[in-house]
1. Using heavy-atom solvent-accessible surface (probe 1.4 Å) with all chains present, what is the largest-first order of B:SER103, A:SER111?
2. Could you tell me the center-to-center distance, by alpha carbons, between the range B:9-53 and the range A:44-66 in angstrom?
3. Please work out the Cα convex hull volume for the range A:88-139 and give it in Å³ per residue.
4. Could you give the length gained on full extension between B:PHE126 and B:ARG90, defined as 0.36 nm per residue of separation minus the Cα-Cα distance, in nm?
5. With a point put 7 Å past each Cα toward its Cβ, work out how far B:ASN18 is from A:GLU137 in nm, to one decimal.
6. Please state the charge dipole magnitude for chain A, taken about the Cα centre, from unit charges on C-beta atoms (+1 on K and R, -1 on D and E), reported in debye and rounded to the nearest 20.
7. Around A:PRO132, what is the net charge, scoring Lys/Arg as +1 and Asp/Glu as -1 over all other residues with Cβ under 14 Å from its Cβ?
8. Using just the helices of chain B, give the 222 nm mean residue ellipticity in deg cm²/dmol: DSSP H runs with n ≥ 4 each add -39,500 (n - 2.57), and the total is spread over all residues, rounded to 500.
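The values are calculated or read from the model by the stated rules, or taken from the named source; none is laboratory data. Nothing here was measured: the structure is a model prediction, and the numbers come from that model. Cβ coordinates were reconstructed from backbone atoms using ideal geometry, including for glycine residues, and neighbour counts include every protein chain displayed. Note: accessible area is taken over every heavy atom of the protein model, side chains too, but ligands, DNA and RNA are not part of it. Shrake-Rupley method; radii C 1.70, N 1.55, O 1.52, S 1.80 Å.
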Amino acid sequence: MIINEPIPVEKLDPDQIEIVIVEDSSKVAELILRVVRRLNLAGRYILIKDGGEALDYLFAQTNYVNAAVRRTPRVVFLDLKLPGIDGLEVLRRVKLDERTKNLPVVVLSSSIQENDIKTAYDLGVNSYVTKPNQSEELSSVVEELVRYWLLLNKMPAR
Amino acid sequence: MKNQNDTVDIVIIEDDPNDAELITRVFRKHNLANKIILLEDGAEALDFLFAEGKYAQNSTVLSPKVVLLDLKLPKVNGIEVLQRIKSDERTKNIPVVVLTSSSEDRDIKAAYDLGVNSYVTKPIKFDDFAQVVSELRLYWLLLNKPSESA
């Protein structure tokens, strides 16, 4: 870990969900949430378990009508194998829509298949990261991802 | 014979010699095997990336692991370089990180509209800048997986 300063939570807007985690495996999700909570980001993330619901959240529709698109997260971590609508289709719709195309989306997947990687870049993914098998390694990858996209990367004014 | 330019890993497009030295030093520090090319203006950067002009002998358009792109560049500015990279089928999947001193929303918005992968501002203090570059190296060389058929 190169940047070891704490996440400056006091600088974050308390009403903003900063991290959207789209992940259907409860084991992986639990591990990601543990890291996110350890970084003091409780209340700044939302965990969504299927693709259709992810789209509802990001486009503020059906169950999320009141969540409004103004709640622009700083990063979306997107698994590829999801129930219902799969990750690549979620990515395609997010990157095709003017309202959401500038959202940083990182595919976080166990797939190392070149056709998945290529398709994700073709659709405009910001970054593609593979999940290590070991949970300790996955924790450090997730921590690095959170630090990079929350501390280093700048996004347009919300 | 394989042209040595066929295996470039990191393309740094930066006209400030101090910043360029710092960036190349950090990128070289941990792994001497990474091939780095430094390009000092936007026109040469485009020639290199598209194998044109003085780089026309490069057989193919290259797919580096990451391009670090400054915005204020001589000849062709960074936003236009980004626009060319991201609108060409041969280069659009190359990860491009804007690394600039500008934190103006107009620049950030323009970069995202063109499809930048990430936008990072240069800290003023040398030590902070070195740390940011280390983090960029770690993220884009070790964590991110580029497409091999970009």
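1. On the way: B:SER103 80, A:SER111 10 Å².
My answer, sorted largest first, is B:SER103, A:SER111.
2. After rounding, the separation between the Cα centres reads 41 Å.
3. Details: hull volume 3.8 nm³, N = 52.
Hull volume normalised by residue count: 73 Å³.
4. Numbers: separation 36, 0.36 × 36 = 12.96 nm, distance 3.57 nm.
Between B:PHE126 and B:ARG90, full extension yields an extra 9.4 nm.
5. About 4.1 nm, to one decimal.
6. Values: 21 positive and 23 negative charges, 86 e Å.
Result for chain A is approximately 420 debye, rounded to the nearest 20.
7. With Lys, Arg at +1 and Asp, Glu at -1, the net is -1.
8. Numbers: 5 runs with 51 residues, N = 150.
One gets -10000 deg cm²/dmol as the mean residue ellipticity at 222 nm.
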